[in-house]
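Enquirer: Attaching a single structure in C-alpha cells format; questions to follow.
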Amino acid sequence: MEHVVDAKPAELAPAPFVPRQLNIEFTGSGSEYFRIWIVNLLLTLVTLGLYLPFAKARRIRYFYANTHIAGQALSFHGDAWKMFRGFVLLAVLMGVYAIAGHFSQIAALIAFIALCAVWPALWRASMQFRLANTSWRGLRMAFDGSLKGAYLAVAPLYLPLIAFVAMTQFAEPPPTGEGEADAAAAAAMATQGLLLLAAMAVVALMTPWFLTLTKRYQHNGFRIASQQARVDLPASRMYGLCVKGTLVALIPGLLAVGAGFGIAVAFGAFKDQEGNTLGLGLMIFMALLLLGYFVCFVMVVPYFAARMQNLVWSATRSEAVSFTSRLKFRALFWLTLKNWTLVALTLSLYRPFAAVHTARLRLEAVSLTASEDVAQWSARARGGMQDATGDIAGDFFGIDMGL
Amino acid sequence: MNAHREPPRLAADYFDGISGRANPVAVWLDAGQLHWAAEGSPPRAVAVSNAVWPERQRHGQRHVQLPDGGVLVFADAPAFDTWASASGYGESGVVRWQQSWRLTSLALLLFAACLLVLWRWGIPAAAGAAVAWMPEAVEAQIGQHTLAYVDRLWLKPSQLDAKAQADVLQRFADAANAARPATGPQPAYRILIRDGGKLGPNAFALPGGDIVVTDALVKLMHDEPQAVTGVLAHELGHVKHRHGLRQAAQAAALGAIAGLVLGDFSFLLASAPAMLAQMDYSRDFERQADLYARDLLRGAGIDPRVMVVFFERIEKIADDEERHGLPIAFSSHPANAQRIAFFSQR
C-alpha cells in the first residue's frame with residue numbers, strides 16, 4: 001500500500017506543496033464485527049454488565065483501526081481499566097439517582113438537579129478522554145473546550161427545561177373535595193395543559209440554538225498537533241435545517257394518519273355496532289399510526305443526521321486542513337430503512353452489520369483538503385488526560401461522542 | 001557453538017509521536033523485547049509487555065502502541081499475523097473466539113441460553129433479594145405515596161354505610177385470625193374501602209400493606225360476602241410476598257437487559273418482549289396470590305368455591321365492556337377458567 005504523503009530527499013529544492021485531498025476509507029466488515037459483538041455481548045451478560053467498558057474499548061479499537069485517513073488508520077490508546085473505573089463511578093451515580101426517586105419527590109428533584117449540574121462537565125471530560133486517546137500518524141488529538149464553555153453551550157435548552165420541571169414539581173394540585181373540586185380540577189388540568197404547550201414551544205424554539213452552540217463548542221475544541229479546528233456555523237442555517245426537518249417529518253406522518261382515518265371510517269368504526277367491526281377498524285387504525293410513527297423516524301433521523309453532518313463538517317477547518325462532507329440524505333435513508341427492517345426481522349442480530357454499514361457511509365462521505373505536508377506536523381507538548389469517567393458517561397446518556 | 005536463530009524481521013512505519021513523519025523501519029522480537037531500527041540507525045527496543053499489541057483481525061491496520069507515545073504501523077496485516085506467531089507471540093482466548101465462526105455460533109447459543117436462564121430464574125431471584133434488602137419503612141413510604149396519588153386521581157370516599165363497611169372489615173379480620181395457624185404469620189395490613197368510580201369492581205394492594213377495595217366490588221358480591229373475604233385474602237397474598245416491589249425491580253432489570261441487547265433500536269423493539277415478559281411475571285404473581293387466598297379461606301373454614309361466583313360475575317362484566325370498548329389483547333391475570341378450576345379443587 002503506498003503512502004499518499006512521502007518525505008522528499010533533502011538534496012532537491014522542496015517543490016511548493018500542492019493542496020491534496022485526503023480521503024477517508026472505512027474497511028470494517030459486518031461479519032467480522034458481528035463476531036466481536038457477539039462475544040462482547042456474551043461476556044457482558046455473564047459478568048452482569050461489568051465487562052461493558054472492555055467491550056466498548058474493543059469496539060472503538062476495531063472501528064479506529066478500520067478508519068483510514070489518507071492510508072493511515074486511527075489509533076485508540078484508551079486504557080480499558082480506566083474506563084472501567086469511570087463506568088463503576090457512573091453506575092453508582094445513576095443508582096443513587098434511581099433510588100432517590102423512590103424515596104420522595106424532594107429527593108428525586110435534588111438528584112435530578114445534581115445530575116443536570118454535573119452533566120456538562122462529564123460531557124466535556126468524555127470528549128477530552130476520547131480525543132486525547134486518539135492518534136493519527138502517531139500524533140495525539142486533544143479537546144480544548146473550556147469548562148465554562150460547556151455550561152454556556154447547553155444553557156439555551158437546560159435553563160427552560162429545569163424551570164419547567166421545577167414548576168411542575170412544585171405546582172400543588174387542588175385537594176379532592178366534593179362537587180366544586182371537579183371544576184377546580186378541570187381548571188388545574190387546563191393550566192397544566194397550557195404549561196405543557198408553552199414548554200413545548202420553548203423547547204422547539206431553543207433546540208436549534210442549543211444545537212448551534214454545542215456543535216460550535218465541540219468543533220472549536222478539536223485539535224491535532226498544531227492544528228486547531230474552527231467552525232463557521234451561523235445559527236440561521238441551523239434554524240433552517242430544523243424547519244426543513246420538521247416539514248420532512250410532518251408529511252409522511254400526516255399521510256399515514258389520514259390514511260388510517262379513512263380506512264377506519266370505511267370500516268364504520270365510529271358507528272356503534274357489534275364489537276367485532278369496532279375492534280378491527282380500531283386495530284387497523286392503530287397499526288397505521290404505528291406505521292406512520294415508524295416512517296417518520298426512518299425519514300427524520302437520517303435527514304437530520306445527513307444534513308447536520310454536511311452542515312457542520314463542511315464548515316470546519318483548521319490552519320492547514322479543511323473538511324468537506326457530502327453525505328446524501330437519500331443514501332442514508334435507504335440504508336436506515338434496510339437496517340431497521342433487517343434488525344427487526346433478525347431480532348437485532350443484524351445490529352453489528354447495520355453499525356458497520358452506517359459507519360462506512362457516514363465516514364466515507366467526509367474528505368479533507370490539506371494545504372501542507374502532514375508529515376511536517378509536529379506535536380505540541382501534551383498534558384495527561386487520564387480521567388475516563390466522562391467517556392462512559394457519554395454512553396450512559398446515549399449521546400454520540402464519536403467523530 | 002550456539003546456532004542462534006535469527007528472529008524474523010518485518011517492515012513497518014515508525015511514527016515517533018512528535019512529528020507526523022513516517023520512518024520505514026525493520027521490526028523484530030527477541031527475548032521478550034521488541035526491537036526496531038531504521039536504515040543506518042541504531043536499533044531501539046522496549047519490553048513487549050510495555051507495548052500495546054493489536055488483536056488479530058481480517059480487516060484493519062495493525063498498530064503496536066509504544067510506551068513513549070510512538071506507534072509502529074504495519075501495512076500488511078496477514079504478514080504481521082504470520083510474523084507474530086513465527087516469533088512466538090500468541091493471542092488471547094477472546095480473540096480466538098472472535099475469529100472462529102464455530103466458536104461465535106457457540107457464543108450465540110450460550111448467549112440465548114443465558115438470556116433464558118436470566119428471564120426464568122435470574123431476574124426473579126435478584127428482584128427477591130433486592131426486595132428483601134429494602135427496609136419496611138421505605139416500602140411503607142412508597143405505599144403512602146402511591147395511595148395519596150391514587151386517592152387524588154381515581155378514588156373518592158366510600159358511599160357504603162358504616163355498618164356495611166364494618167361488616168367487610170370484621171369478616172376479613174375473623175377469617176384472617178381463624179386461618180393464622182394454617183397460613184402462618186400474616187403481614188401488617190390495612191383495608192380501605194373507596195368509591196372507585198370508573199374502576200368498577202376492583203381491589204389492589206400497595207407496598208406497605210394498604211389494601212384498597214371498591215364499593216362496586218362489595219355491592220357486586222352482596223349475596224356472597226365471603227367472596228369479598230377471598231378477594232381481600234388474595235390481595236393480602238400480594239402484600240405478604242411483596243409483589244409490588246418485585247414487579248418494579250423486575251421491570252427495571254428487564255429494561256436494562258433489553259437496552260443492552262437491542263441498543264440503539266431499543267426504544268422501538270424493547271417494549272414488546274419486555275412487556276410480554278412482564279405479563280408472564282404478573283401471571284406468576286397472581287398464581288402465588290391465589291394460592292395464599294385459597295389457603296387462608298380453607299384455614300378459616302370457608303369454601304374456596306365461593307370465589308367461582310366472583311370470577312363468573314367479573315367475566316360477564318368484562319365481556320360487556322369488550323363489546324363497547326377496546327379488545328383486550330393481553331392480560332396480566334391467568335385466564336378466568338384456570339382460576340375457577342383452581343378454586344374448585346377439593
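A short reminder: the numbers here are calculations on the coordinates, not readings from a lab. In this text, all values refer to a predicted model and were calculated from it rather than measured experimentally. Positions of Cβ are backbone-derived with ideal geometry, glycine not excepted, and every protein chain shown enters the neighbour counts.
Enquirer: Tell me the label-point distance for the pair B:ASP223, B:ASN177, using the 7 Å Cα-to-Cβ offset, in nm and rounded to one decimal.
Expert: In this crude label model, B:ASP223 to B:ASN177 measures out at 3.1 nm.
Enquirer: FRET efficiency for A:LEU197 and A:LEU291, Cβ-Cβ distance as r, R0 = 30 Å, nearest 0.05? Show your work: numbers first, answer last.
Expert: Numbers: r = 27 Å, r/R0 = 0.90.
Plugging the Cβ-Cβ distance into 1/(1 + (r/R0)^6) gives 0.65.
Enquirer: Considering amide H positions built from the backbone, and no H for Pro or chain starts, which residues 5 or more places from A:LEU74, or on another chain, come under 5 Å of its amide H?
Expert: A:THR67, A:ILE69
Enquirer: Please sort through the DSSP H helices of chain B and keep those with an alpha-carbon extent of at least 20 Å along the long axis and a Kyte-Doolittle average not below -1.0.
Expert: Numbers: long enough: B:101-117 (24 Å, 2.04); B:136-153 (26 Å, -0.09); B:162-183 (31 Å, -0.26); B:225-240 (23 Å, 0.21); B:243-262 (27 Å, 1.03); B:271-299 (41 Å, -0.62); B:306-324 (29 Å, -0.33).
The qualifying helices are B:101-117, B:136-153, B:162-183, B:225-240, B:243-262, B:271-299, B:306-324.
Enquirer: Determine, for chain B, the count of lysine pairs separated by eight or more sequence positions (or lying on different chains) whose alpha-carbon distance falls under 25 Å. Present the calculation step by step, with values, prior to reporting the outcome.
Expert: Working: B:LYS156/B:LYS198; B:LYS156/B:LYS219; B:LYS163/B:LYS198; B:LYS163/B:LYS219; B:LYS198/B:LYS219; B:LYS198/B:LYS316; B:LYS219/B:LYS316.
Lysine pair count for chain B: 7.
Enquirer: I would also like to ask the following. Using a 10 Å cut-off on Cβ to Cβ distances, tally the other chain neighbours for every residue of A:43-55 and report the average as a whole number.
Expert: So the per-residue partner count for this stretch is 2.
Enquirer: Name the most mobile residue of B:GLN159, B:GLN250, B:GLN226, meaning the one with the largest mean-square fluctuation, in a Gaussian network model of chain B with Cα contacts below 10 Å.
Expert: Comparing B:GLN159, B:GLN250, B:GLN226 in the GNM, the peak value goes to B:GLN159.
Enquirer: B:ALA31 label point, 7 Å along Cα→Cβ, cut-off 16 Å on backbone N: hits in the stretch B:37-73?
Expert: B:43-49
Enquirer: Once you average over the residues of B:20-32, how many Cβ atoms of partner chains fall within 10 Å of each Cβ?
Expert: Values: counts 15, 11, 10, 3, 2, 0, 0, 0, 0, 0, 0, 0, 0.
Across the residues of B:20-32, the mean count of other-chain Cβ atoms within 10 Å is 3.
Enquirer: Ok, one more. What FRET efficiency comes out for the pair A:LEU50/B:SER49, r = Cβ-Cβ distance, R0 = 25 Å, nearest 0.05?
Expert: On the way: r = 24 Å, r/R0 = 0.98.
Taking R0 as 25 Å, the efficiency between A:LEU50 and B:SER49 is 0.55.
Enquirer: Could you tell me the calculated FRET efficiency between B:ASN202 and A:LEU147, based on Cβ-Cβ distance and R0 = 60 angstrom, to the nearest 0.05?
Expert: On the way: r = 54 Å, r/R0 = 0.90.
Approximately 0.65, to the nearest 0.05.
Enquirer: Still on this model: Hey, how much of the P(r) for chain B falls beyond 24 Å, as a percent of Cα pairs? It would help to have the intermediate numbers written out before the result.
Expert: Details: 41550 of 59685 pairs.
I get 70 percent for the Cα pairs in chain B exceeding 24 Å.
Enquirer: In whole percent, what relative contact order does chain B give with Cα contacts below 8 Å and a gap of six or more residues? Before the final figure, lay out each step's value.
Expert: Values: 428 pairs, mean separation 40.2, N = 346.
Across chain B, relative contact order equals 12 percent.
Enquirer: Counting partner chain Cβ atoms within 10 Å of every residue's Cβ in B:152-159, what's the average?
Expert: Details: counts 5, 3, 0, 1, 4, 2, 0, 0.
Mean shielding count: 2.
Enquirer: For the pair B:ILE317 and A:SER226, how long in nm is the line joining their label points, each one 7 Å along Cα→Cβ?
Expert: 8.2 nm
Enquirer: Can you tell which of B:PHE74, B:PHE311, B:PHE285 shows the greatest fluctuation in a Gaussian network model of chain B with Cα springs below 10 Å?
Expert: Among B:PHE74, B:PHE311, B:PHE285, the largest mean-square fluctuation in the Gaussian network model of chain B belongs to B:PHE74.
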